[in-house]
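Novice: Have a look at the structure that comes next, please.
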Amino acid sequence: GQQLNQSPQSMFIQEGEDVSMNCTSSSIFNTWLWYKQDPGEGPVLLIALYKAGELTSNGRLTAQFGITRKDSFLNISASIPSDVGIYFCAGLNNDMRFGAGTRLTVKP
Amino acid sequence: NAGVMQNPRHLVRRRGQEARLRCSPMKGHSHVYWYRQLPEEGLKFMVYLQKENIIDESGMPKERFSAEFPKEGPSILRIQQVVRGDSAAYFCASSPLTKTGSDTQYFGPGTRLTVL
């Protein structure tokens, strides 16, 4: 099946630092999505990417759809304490596959 | 515009009982997906439904699990004769579905099932 490899598994950073995480796959996806999940809640959509090479921003978040359609990255600039949570990448064709998540901890 | 709604948020069952999880999609969305999440893991696809039709149930166990999305009312994920291994968070997502055949999914808050 389509497997997504997300890294890093966890990150511990200082407030104000930039963060980068990525997702790779052996399969091509038509859409890449990035979600954030807070404890006890459902995933919330951050950014959706629909076209290879696309670079999209949402506030301090920037994500790119890899040119090969097999990867994507998410950057968070100038992190703040409320960025804490688990970030999931997802690849979408006819169904959606999730990465295992990146657990982000931000120290004030 | 209300988001995806799920209830109950928490459900406790004893082994052998039945669990019913409900999901109401976002207004205007006619496609519902169910996912299961174990602690410290990502979401695993279970089933994809449109109104009155199961489109893809490849991720759902063949026994004890069933799902429906009737013409009227919420989608239901039903687990019969629950076992401890069924304890997990179950998330529902909905999408409007575009002509290309797939669209971004929006998630509900989840139902946390605990089997004693």
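The values are calculated or read from the model by the stated rules, or taken from the named source; none is laboratory data. Since this is a predicted model, take the numbers as computed values, not measurements. Using ideal geometry, Cβ is built from the backbone for each residue, glycine included, and neighbour counts are taken over all protein chains shown. In case anyone asks, the SASA skips ligands and DNA or RNA and just uses the protein heavy atoms, side chains included. Shrake-Rupley method; radii C 1.70, N 1.55, O 1.52, S 1.80 Å.
Novice: Take the residues of the range B:1-12 that are under 19 Å from B:Ser95 (Cα atoms) and of a type in the set (A, V, I, L, M, F, W, C): which is surrounded by the fewest Cβ atoms within 10 Å (Cβ to Cβ)?
Specialist: B:Ala2
Novice: Being aromatic (Phe, Trp, Tyr) and either in contact with a Leu (Cβ under 6 Å, 6 or more places away or on another chain) or within 14 Å of chain A (Cβ to nearest Cβ) (or both) narrows it down to one residue among B:Phe65, B:Phe91; which is it?
Specialist: Only one candidate passes the filter, namely B:Phe91.
Novice: Taking the criterion of being without any contact (Cβ under 8 Å) to a residue 24 or more places away in the chain, of a type in the set (Ser, Thr, Tyr) and more than 30 Å from B:Leu113 (Cα to Cα), would at least one residue in the range A:65-86 satisfy it?
Specialist: Scanning the range A:65-86, I find no residue that is without any contact (Cβ under 8 Å) to a residue 24 or more places away in the chain, of a type in the set (Ser, Thr, Tyr) and more than 30 Å from B:Leu113 (Cα to Cα), so the answer is no.
Novice: Mind listing just one residue for me: the one in the range B:70-101 that is at pLDDT below 95 and touching an Asp or Glu at 6+ places or on another chain (Cβ under 8 Å) and, of those, surrounded by the fewest Cβ atoms within 10 Å (Cβ to Cβ)?
Specialist: B:Lys71
Novice: Taking the conditions exactly as written (without any contact (Cβ under 8 Å) to a residue 12 or more places away in the chain and within 11 Å of another protein chain (Cβ to nearest Cβ)), does A:Asn30 satisfy them or not?
Specialist: no
Novice: Can you confirm whether A:Ser20 is within 26 Å of B:Leu38 (Cα to Cα), open to solvent by 30 Å² or more (accessible area, probe 1.4 Å), within 10 Å of the chain's Cα centre (by Cα) and more than 14 Å from every other protein chain (Cβ to nearest Cβ)?
Specialist: Numbers: within 26 Å of B:Leu38 (Cα to Cα): yes; open to solvent by 30 Å² or more (accessible area, probe 1.4 Å): yes; within 10 Å of the chain's Cα centre (by Cα): yes; more than 14 Å from every other protein chain (Cβ to nearest Cβ): yes.
Yes; evaluated as a whole, the condition is true for this residue.
Novice: Considering A:Ser82, A:Ser72, which residue is of a type in the set (Gly, Ala, Ser) and over 24 Å from B:Gly110 (Cβ atoms)?
Specialist: A:Ser72
Novice: Something else now. Kindly indicate the residue of the range A:66-99 that is surrounded by 20 or more Cβ atoms within 10 Å (Cβ to Cβ) and polar (S, T, N, Q) and also farthest from A:Gly40 (Cα to Cα) among those meeting that condition.
Specialist: Once the filter is applied, the top-ranked residue is A:Ser72.
Novice: Scanning the range B:13-55 for residues that are small (Gly, Ala, Ser) and modelled with pLDDT of 95 or more, which turns out surrounded by the fewest Cβ atoms within 10 Å (Cβ to Cβ)?
Specialist: Of the residues in the range B:13-55, the ones small (Gly, Ala, Ser) are B:16, B:19, B:24, B:28, B:30, B:42.
Now drop any that are not modelled with pLDDT of 95 or more, which leaves B:16, B:19, B:24.
On the way: B:Gly16: 10, B:Ala19: 22, B:Ser24: 19.
The extreme case among them is B:Gly16.
Novice: Also, quick follow-up: Can you tell me which residue in the range A:40-65 is least open to solvent (accessible area, probe 1.4 Å), limited to those that are of a type in the set (Val, Ile, Thr) and within 14 Å of chain B (Cβ to nearest Cβ)?
Specialist: Checking each candidate, the answer is A:Ile47.
Novice: Now for a different question. Applying the selection to the range A:1-59, what residues are farther than 22 Å from A:Lys70 by Cα, out of contact with any Leu (no Cβ under 7 Å at 6 or more places or on another chain) and not in a loop (DSSP other than H, G, I, E, B)?
Specialist: A:Phe12, A:Ile13, A:Gln14, A:Gln37, A:Val44
Novice: Quick one: B:Ser58 ticks every box in (1) loosely packed, with under 12 Cβ neighbours inside 10 Å; (2) more than 10 Å from chain A (Cβ to nearest Cβ); (3) not in a helix (DSSP H, G or I) bar one, so which box is it?
Specialist: Result: B:Ser58 passes all but (2).
Novice: Here is a further query. Of (1) within 12 Å of chain B (Cβ to nearest Cβ); (2) free of Cβ contacts under 8 Å to residues at least 60 places away in the same chain; (3) of a type in the set (Val, Ile, Thr), A:Thr102 satisfies all except one. Which?
Specialist: It fails just one condition, (2).
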